[in-house]
1. Select from region 129-173 the residues that are open to solvent by less than 30 Å² (accessible area, probe 1.4 Å), part of a helix (DSSP H, G or I) and within 29 Å of Q206 (Cβ to Cβ) and list them in ascending order.
2. Identify all residues within region 339-363 that are open to solvent by less than 40 Å² (accessible area, probe 1.4 Å), in a helix (DSSP H, G or I) and closer than 30 Å to K177 by Cα; write none if there are none.
3. Kindly indicate the residue of region 208-265 that is at pLDDT below 95, farther than 11 Å from A124 by Cα and basic (K, R) and also most open to solvent (accessible area, probe 1.4 Å) among those meeting that condition.
4. For region 299-332, name all the residues that are of a type in the set (S, T, Y) and open to solvent by less than 10 Å² (accessible area, probe 1.4 Å).
5. Quick check on region 78-90: of everything there that is in a loop (DSSP other than H, G, I, E, B) and out of contact with any Asp or Glu (no Cβ under 9 Å at 6 or more places or on another chain), which residue is most open to solvent (accessible area, probe 1.4 Å)?
6. All but one of (1) in contact (Cβ under 8 Å) with a residue 60 or more places away in the chain; (2) surrounded by fewer than 15 Cβ atoms within 10 Å (Cβ to Cβ) hold for P381, so report the exception by its number.
7. Provide a single number: the residues in region 364-378 that are open to solvent by 10 Å² or more (accessible area, probe 1.4 Å) and either in contact with a strand residue (DSSP E or B) (Cβ under 6 Å, 6 or more places away or on another chain) or at negative phi (or both).
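The values are calculated or read from the model by the stated rules, or taken from the named source; none is laboratory data. Source: prediction; values computed, not measured. Here the Cβ is made from the backbone with ideal geometry for all residues, glycine too, and neighbour counts use every protein chain on show. Just the protein is used for accessible areas: all its heavy atoms, side chains included, with ligands, DNA and RNA removed. Shrake-Rupley method; radii C 1.70, N 1.55, O 1.52, S 1.80 Å.
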Amino acid sequence: MGEFQEFTEALFGQLSVEIDEEKEIIKLASRAKEDLKGKVEFNNLESIATEVFSNYKNKVEEFLDVKIPENIELKFPELTDLKRLKGEKVFADKESKGFVTELFNAVAKEDKTRIAELMQEDTAKYLVYSTYAIQYISKITTTYGDYLDSIIYLNKFILSRYPEIILHKQGEPYETKFENVNSGYLGAVKMTVVEELIHAAQENLQQVNKNAAIEVNKINEELARIILSLDTEIINKLSEYCQLQAVPDDFPFAKKANLFFFLNPDHFLIEQIGPDVMTFTHVEIDPKIGEAIPQLLDIYKKWLVPIQQHHAAFTAMEGMAAFAIENILKDDEDFQNYLTTFMGTDFSSYQVRKSMGKDFTKIIYEKLGSKTFKKMIEIPPNTKELKDPQLYLKKLS
């Protein structure tokens, strides 16, 4: 199992910056708590979030003109549970869901032996889903909240530590600086709860996004199995032709993994064609690569439809949330303080931040007003419509 163990070390090498940052946050928070003791005290996250939730649920419903389901709960995971939750946010079919759960549990516990076993048990699944572990877990210290299956999760690891760390960094006298930092803390919780309430209202969009992501992952698994079944001669020739990093012959899995990561459509097509691939209906590939892997072109063609649905739904969800947060919290002093104290920016800079989804939502809102959100949820835009909102308006008329 030597090569698999080496690959496990490489996985944690890619996560090392994040893991070091987590340890640093724990250390800084502990030092801050000790120094602030008896001088100032922040309210606990649970009580603040519960109050924000009850104050803002109706405000979000009124702005969106969409009902939020009644059964929404709040949960406050610490670091290990948060990493496990990220596995739940990876949308996979029934055959792969158990594998994803096991993988994220092992990553959360830093159980290298179990990860190497999982790699050996189903190498194709590992190739596909380990990329999510890297991508999702690398963002944990910048993710304040998540929404899944009627539950709003707030990142207790970050949100309960940052206020103390920020105040401690500002230095004495803590008492005079507390009010501003505490206001920023309230603003961070308001923004997070409002964002996740918006996601909770997006039921159809959430489902479209989930179904498309499942299809994308199934196709990526299919590609992984094809590449893992190729003989050594083809792998070597393709690796050389694609100018991949040389790997010694006694690391056959690493060679195949390198080729998979290179030919994975998320990398290969977007690198070769650019983001415009999201509006394409047809792709072509280098004939030499096509000769070596005859199934590859069909895989790429199959991938185009669900990746575009996934991209469009996700962009619409995030864009709607960004637009609604901006409008719901624009006059909120705590939110303004969050931007200056936590983010080192201000509302006017925040407002001008560009995103395709937010710009799309704004244009539709100027035409349809509060009907915008219900329409976007019921009739999701496609990738071409996101780039040209007039096409979407025409479709609705």
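1. Passing the criteria: Y129, S130, A133, I137, I140, T141, F157, I158, L159.
2. Of everything in region 339-363, those that are open to solvent by less than 40 Å² (accessible area, probe 1.4 Å), in a helix (DSSP H, G or I) and closer than 30 Å to K177 by Cα turn out to be L339, T341, F347, Y350.
3. K237
4. The one that is of a type in the set (S, T, Y) and open to solvent by less than 10 Å² (accessible area, probe 1.4 Å): Y300.
5. Filtering first and then ranking leaves E78.
6. (2)
7. 10
Table: residues versus (1) in a loop (DSSP other than H, G, I, E, B); (2) in contact (Cβ under 8 Å) with a residue 60 or more places away in the chain; (3) of a type in the set (V, I, T).
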| position | (1), (2), (3) |
| --- | --- |
| Q243 | yes, no, no |
| A246 | yes, no, no |
| A257 | no, yes, no |
| I299 | no, yes, yes |
| I307 | no, yes, yes |
| A312 | no, yes, no |
| A316 | no, yes, no |
| N337 | no, yes, no |
